[in-house]
Amino acid sequence: MDIELIKKEAESKIESVNSLDSLEELRFKYLGRKGVLAELTGSIPSLPVAQRADVGRQVNALKEGLNKLIETKRASLSGPLARESSRGSAEIDLPGLAQGLGQLHPISQVMDRVCEIFMRMGFTVIEGPEIETEHNNFTGLNIPLEHPSRDAFDTFYLELKAQLLLRSHTSPVQIRAMKKNKPPLAAVVPGRVYRPDATDASHSYMFHQIEGFVVDENIRFSDLKGVLEVFAKAVFGSDIKMRFRPHFFPFTEPSAEVDISCIICKGKGCSVCGRKGWLEILGSGMIHPNVFRNVGYDPKKYTGFAFGMGIERIAMLKYGIDDIRLFFENDLRFLKQF
Ligand code: DAH
């Protein structure tokens, strides 16, 4: 009675079995009530007393080992691949199901691209919270309470008492950054903003902006023009023309809206530019002295410029998209084109 021999034989048989039925037969043969191991156990009392305990231990260990082996084998014979192969239909050379590689949303792509252009000019990228205080969103930016200009930034209020709101533009991050740091400062701020507008082809209650600002001694309007020209040409091509159109923003003085020559008709006038030949791309200006006072900067010592643009608008102009809702509907037929 060679336990080692029985072990080897049983293991190799279990190993090479290829159906659940033959595995069950083997289990019965070795571990069944009248099986090989039961027989071994039954023969122990006839052994010399000195050997009994040792042989008993070996038989028990073998029983445990074979049980485990059979369970493992049973699991592998019941797996999906095993089921296929027992039906003889496994086609293991078929190519697998390809996992499509995802890509960034067009808004993220444009936002990254714009940030990158400003980073190359030495700007840092910072972010601010979407839940803002009324102070940072309005008062600090020289937009006084009850002033009609607040209407232009119609706002979702969260808690009137705590004066918390969903920021209606990314400009409040100017206040945060200036309070936290001393000049010189050059930063761009990408992020989501919210306004309670009814949704249509050109309005969404949530959209994205990039704010930018530079503060130091002797920052001039010509610096603003130069920086924005580098930006606009990098995004829309070096053959575009730009113009600065006087405008009003409470947080800048003087303020300007910036237009580029229509990229569709090259300035001749078409339906995209409303026959004007120009497309508005952003708002900008020299930071208002009151904004500096509100953050504790001396407006006699420091000057700066700021600008803000809507990312959806930039993306729509760049790619000729005529409905802002397309960005938020999650339709892969649209998104896959970018
Ligand atoms: N915050 C303005 C808006 O949401 C955009 C803007 C205009 C930002 C002029 C600026 C600026 O920093 O100087 O419409």
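The values are calculated or read from the model by the stated rules, or taken from the named source; none is laboratory data. A quick note: this is a predicted structure, and the numbers were derived from the prediction, not measured. Note that we place each Cβ from the backbone using ideal geometry, even for glycine, and neighbour counts take in every protein chain shown. Only protein heavy atoms, including side chains, enter the accessible area calculation; ligands, DNA and RNA are left aside. Shrake-Rupley method; radii C 1.70, N 1.55, O 1.52, S 1.80 Å.
Okay, here's what the table says:
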quantity	calculated
Mean residue ellipticity (222 nm) of the chain, computed from DSSP H runs ≥ 4 via -39,500 (n - 2.57), nearest 500	-12000 deg cm²/dmol
Reach of K161 by Cα under 25 Å, taken over lysines that are not fewer than 8 positions away in the same chain	K179
Debye intensity ratio I(q)/I(0), log10, region 3-86, q values 0.13 Å⁻¹ (C-alpha model)	-0.46
Crossing angle, helix 49-78 versus the chain [Cα axis fit, 0-90 degrees, rounded to tens]	50 degrees
Region 136-146 - phi-based ³J(HN,Hα) in whole Hz, Karplus 6.51/-1.76/1.60, Gly and Pro as x	5, 6, 10, 4, x, 8, 6, 9, x, 4, 6
Kirkwood-based shape ratio for region 164-228, expressed as Rg/Rh from alpha carbons	1.08
Charge dipole (the chain, unit charges on Cβ, about Cα centre) - positive-most of L23, L62, G42	L62
Rounded tilt (10° steps) of 20-31 against the dominant C-alpha axis of the chain	50 degrees
The chain: relative contact order as a whole-number percent, Cα under 8 Å and 6+ apart	14 percent
Surface per residue (accessible, 1.4 Å probe) for region 216-325, Å²	48 Å²
When the chain is reduced to its Cα atoms, the Kirkwood hydrodynamic radius in Å	26.1 Å
Length gained when the stretch A201-I131 is fully extended (0.36 nm per residue, less Cα-Cα span)	22.6 nm
Diffusion constant of region 205-338 at 4 °C, which comes from Stokes-Einstein with the Kirkwood Cα-pair radius and 1.567 mPa s, µm²/s	79 µm²/s
Residues with amide H under 5 Å from that of K241, placed H, sequence gap 5 or more	S261
Electrostatic dipole magnitude of the chain [Cβ: Lys, Arg +1; Asp, Glu -1; Cα centre; debye, to 20]	360 debye
Where no second cysteine Cβ lies under 4.7 Å, the cysteines concerned in the chain	C115
Relative contact order %, region 3-86, counting alpha carbon pairs below 8 Å whose residues are six or more apart	36 percent
Relative contact order of region 209-301, defined on C-alpha pairs under 8 angstrom at six or more residues apart (%)	22 percent
Sequence-distant residues sharing a close amide H with K276 (under 5 Å, placed H)	C270
For the chain, share of DSSP beta bridges that run antiparallel, in % to the nearest 5	95 percent
Accessible area of the chain belonging to carbon and sulfur atoms, whole % at 1.4 Å probe	53 percent
Selection from I240, G226, V215, by position along the positive dipole direction of region 215-259 (Cβ)	I240
In degrees, nearest ten, helix 221-236 long axis to first principal axis of the chain (Cα)	50 degrees
Net charge over other residues, Cβ less than 9 angstrom from the Cβ of R245 (K, R count +1; D, E count -1)	-2
